[in-house]
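The next block holds one structure in the form of structure tokens; read it before the comments.
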Amino acid sequence: MILPEHEVVIGEDEIKARIKELADEISADLGDKNPLVVVILKGAFIFASDLVRHFDFPYEMDFMSTSSYGSATKSSGIVKILKDLDEPIKDRTLLIIEDIVDTGLTLHYLVQMLKLREPERIEIAAFLSKPARRKYSSEVKYIGFEIDDRFVVGYGLDYQQKYRGLPYVIAIE
Ligand code: 5GP
């Protein structure tokens, strides 16, 4: 693949090791809850697929899609649900899997919306977090890596729908 000018921010081995740690932590916390794993498309698909393959407890999966940045690299401040969950979530434990928490707007909106459906509990796992950019707080219990305020791609994250399949994370300008 031809890559733009970039710097590797998180390498493949580092990702693998961290995913296993996170999966163990989640297994200890939610292993007896039969959680519904809610993958936020598209960016979280690789993180989610690596994570759940370490899960050694019963769980179910569903997928949601929210509007993202489109082709720009800054948020428009508007969150739309493009694909909703297939099943009701009343009294269920949810594990939301997100690619990256930036301002926190997307998660904030999503959690408020899902709470109206009366799940028993909502936990959140995000592969990346940019704490410096946070405007809306959400309790993200499981964070893969905290990164500086840079635009990154790879491991599910895209720039104009490209580079999602990179097995590591790079920063592009
Ligand atoms: P927030 O609502 O927290 O500001 O933004 C979350 C969404 O913005 C993420 O799910 C992701 O789609 C997008 N995003 C934020 N920062 C980055 C980044 O550095 N790279 C990519 N590819 N997407 C990002």
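Bear in mind that the values in this text are calculations on the coordinates, not laboratory data. Just so you know, these numbers come straight off a predicted model, no measurement behind them. So basically every Cβ, Gly included, is an ideal-geometry build from the backbone, and we count neighbours across all protein chains shown.
Below are the figures for this structure:
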read-out	value
Pairwise label distance in nanometres, residue 62 with residue 132, each label 7 Å out on the Cα-Cβ vector	3.7
Segment 112-166 - convex hull of alpha carbons, volume per residue in Å³	123
In segment 80-156, the trypsin sites (Lys or Arg not before Pro) that fall in loop regions by DSSP, at most 10 other Cβ within 10 Å	80, 90
Over the chain: helical MRE at 222 nm, DSSP H runs n ≥ 4 each giving -39500 (n - 2.57), nearest 500	-7000 deg cm²/dmol
Extension reserve of the residue 86-residue 17 stretch, reckoned as 0.36 nm per residue once the Cα distance is removed	21.6 nm
Dipole moment magnitude, nearest 20 debye, the chain about Cα centre, only Lys, Arg, Asp, Glu C-beta charged	620
Signed unit charges on C-beta, dipole axis of the chain, positive-most listed residue 82, 156, 97	82
D (Stokes-Einstein, µm²/s), Kirkwood Cα radius, segment 44-163, 0.692 mPa s at 37 °C	217
Qualifying GluC sites (Glu not before Pro) in segment 1-52, DSSP loop, other Cβ atoms within 10 Å at most 16	5
Rounded to 10°, Cα long-axis angle of helix 105-115 versus longest principal axis of the chain	10
Over 30 Å (Cα to Cα) - which of 16/162; 80/135; 80/130; 20/130; 115/162 fall in this group	115/162
Dipole magnitude of segment 1-50, debye to nearest 20 (Cβ charges: Lys/Arg +1, Asp/Glu -1, about Cα centre)	280
